[in-house]
1. Given the residues ASP260, ASP287, which is the only one that is within 24 Å of LYS105 (Cα to Cα), within 14 Å of the ligand (Cβ to nearest atom) and modelled with pLDDT under 95?
2. Could you please find all residues in the range 290-313 being within 10 Å of the ligand (Cβ to nearest atom) and either without any contact (Cβ under 8 Å) to a residue 24 or more places away in the chain or acidic (Asp, Glu) (or both)?
3. Taking the range 27-56 only, how many residues are more than 13 Å from TYR108 (Cα to Cα) and assigned to a helix (DSSP H, G or I)?
4. For the range 100-132, how many residues are part of a loop (DSSP other than H, G, I, E, B) and within 9 Å of the ligand (Cβ to nearest atom)?
5. Going by what's in this entry, would LYS211 be described as surrounded by fewer than 21 Cβ atoms within 10 Å (Cβ to Cβ), within 16 Å of the ligand (Cβ to nearest atom) and outside the structural domain of TYR107 (by TED's automatic domain parsing)?
6. Looking only at the range 133-152, count every residue that is among the charged types (D, E, K, R), touching a strand residue (DSSP E or B) at 6+ places or on another chain (Cβ under 8 Å) and more than 12 Å from the ligand (Cβ to nearest atom) and tell me the total.
7. Checking SER137 against (1) modelled with pLDDT of 95 or more; (2) outside any helix (DSSP H, G or I); (3) touching a helix residue (DSSP H, G or I) at 6+ places or on another chain (Cβ under 7 Å); (4) farther than 20 Å from PHE27 by Cα, which single condition isn't satisfied?
8. Name the residues in the range 269-306 that are more than 30 Å from ALA172 (Cβ to Cβ), crowded, with 23+ Cβ neighbours inside 10 Å and aliphatic (A, V, I, L, M), would you?
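The values are calculated or read from the model by the stated rules, or taken from the named source; none is laboratory data. Not measured: the values here are computed from a predicted model. Note: ideal-geometry Cβ built from the backbone for every residue, glycine included; neighbour counts use all protein chains shown.
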Amino acid sequence: MRYQRPIGTQDVTPEVAPEWRFVEESFRQLAARYGYGELRTPVFEDTDLFLRSVGQETDIASKEMYTFEDRGGRSMTLRAEGTAPAVRAYLENHLDRTDKQRLVKLYYIVPIFRYDRPQAGRYRQHHQLGLEAIGSSEPAVDAEVISLAWNFYAQMGLTGLSLLINSVGCPACAPPYVDKLKQALAPALPQLCESCRRRYVENPLRMLDCKICHDYMAPAPKLIEELCEECESHLGGVLAALDALGIPHEIDHTIVRGLDYYTKTAFEFQIEGIGAQSALGGGGRYDGLVEKCGGPPTPGVGLGIGLERVLLARQQLGQAVTGTAGFPAREGVFIVALGEAVWIEALKLLQELRRAGVKAELDYRRRSMKAQLRFADNEQFAQAIILGEDELAKGIVGLKDLATGEQVEVGRTDLSSRLGPA
Ligand code: HAM
């Protein structure tokens with residue numbers, strides 16, 4: 001019986017792990033530079049948290065969540081997105097009270113679980129590099145979140161990127177717009193796809209970004225032309241800030257996002273050349289979400305970047321870090337232990353070196369000296385320590401530079417001063 005990983009998931013093996021780490025570390029450092037602190041939340045939450053925030057009628061809540069009943073009879077859901085858990089943690093840990101500026105800035109790198117049809121760039125477990133800025137309604141904060149992502153993509157070497165931006169309005173201007181939209185699309189209803197006929201009733205805005213029914217959307221009014229004064233001025237503020245920061249953007253009124261909590265700003269980053277799943281990241285403002293989750297009225301804005309999609313794009317563009325690239329060519333010490341009598345001493349030496357911060361390994365298969373040295377050389381160790389019965393008796397070791405082949409005798413007690421931390 002051979003097991004396979006679940007469909008739509010990936011293993012990160014040591015060969016590809018350096019690339020994952022590079023991308024994650026770059027994001028961490030950039031987020032810290034912008035003043036975002038790390039947030040880690042549980043992998044599962046109360047199902048109700050997602051239903052209330054994401055919205056019952058969305059694709060995520062209606063058909064993509066990994067929901068299960070725990071042994072106590074509670075309904076739990078694997079993290080279906082990152083914003084609702086962040087807001088829950090913000091409220092539960094009173095983060096608003098600990099932050100003097102009342103603007104709480106959080107970042108996270110977490111797995112997200114969605115039961116969707118897997119394809120290139122779309123997985124059932126993917127990872128998001130996320131940001132949430134909670135506590136300010138200032139358009140410059142929307143621009144800060146966008147600019148962080150923009151700089152991140154640039155640092156990742158990604159080109160051919162577009163930033164599509166829209167406003168989905170607020171509870172004052174969105175509902176009258178939705179009525180107009182339904183009126184305008186009613187005649188086309190029999191021609192629309194099955195999903196859109198359902199969306200017409202349950203979530204009309206989502207019809208706008210349907211790839212199948214695109215051609216029937218011509219009569220649809222544009223929400224961006226129906227915004228209330230406040231939403232219009234907010235959008236103007238965001239666009240002006242983006243202009244000031246030199247971030248190119250395109251207004252796209254079909255960017256409505258698949259989550260119900262958005263208000264005002266909604267945006268997506270798209271890239272050519274990674275296939276159908278071209279959204280590299282997306283986000284927006286969610287001014288009603290904190291209140292919906294039981295807190296005081298508090299505005300917020302954030303985004304999620306799909307880690308796997310960044311990796312795919314880097315691969316397409318030949319940017320991926322492979323193997324030992326980016327690391328010093330040679331590093332660490334390989335202990336060549338020769339003979340039974342030195343084995344315990346070799347294990348002690350290994351422990352000593354590792355505790356001193358030196359990368360060190362030995363050969364548990366106890367092969368010949370030649371085989372061990374060849375292995376150490378192939379694995380890019382900098383030095384080899386040769387420890388045989390003679391050396392043990394004299395209290396010395398042979399220290400071989402694997403780059404030059406030069407070998408010297410070193411007293412066992414002088415060894416640590418000859419080997420710095422890796
Ligand atoms: P989202 O658009 O659902 O937003 O996901 C954000 C990004 O995650 C997408 O743009 C895409 O790059 C990636 N992504 C989504 N689903 C998958 C999948 N099945 N496989 C691979 N990658 C995927 C959110 O989740 C919001 N919580 C973002 C946000 C944060 N809004 C405000 N704050």
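1. Result: ASP260 is the single residue among ASP260, ASP287 that is within 24 Å of LYS105 (Cα to Cα), within 14 Å of the ligand (Cβ to nearest atom) and modelled with pLDDT under 95.
2. GLU308
3. Number satisfying all stated conditions: 9.
4. Going through the range 100-132 one residue at a time, the tally reaches 6.
5. When the stated conditions are applied, LYS211 passes them.
6. Initially, the range 133-152 is screened for residues among the charged types (D, E, K, R), giving 138, 142, 144.
From what is left, the residues that are touching a strand residue (DSSP E or B) at 6+ places or on another chain (Cβ under 8 Å) are 142, 144.
After this cut, where a residue has to be more than 12 Å from the ligand (Cβ to nearest atom) as well, the list is 144.
So the count comes out to 1.
7. Condition (3) is where SER137 drops out.
8. Listed by number, the residues that qualify are ILE274, LEU280, ILE305.
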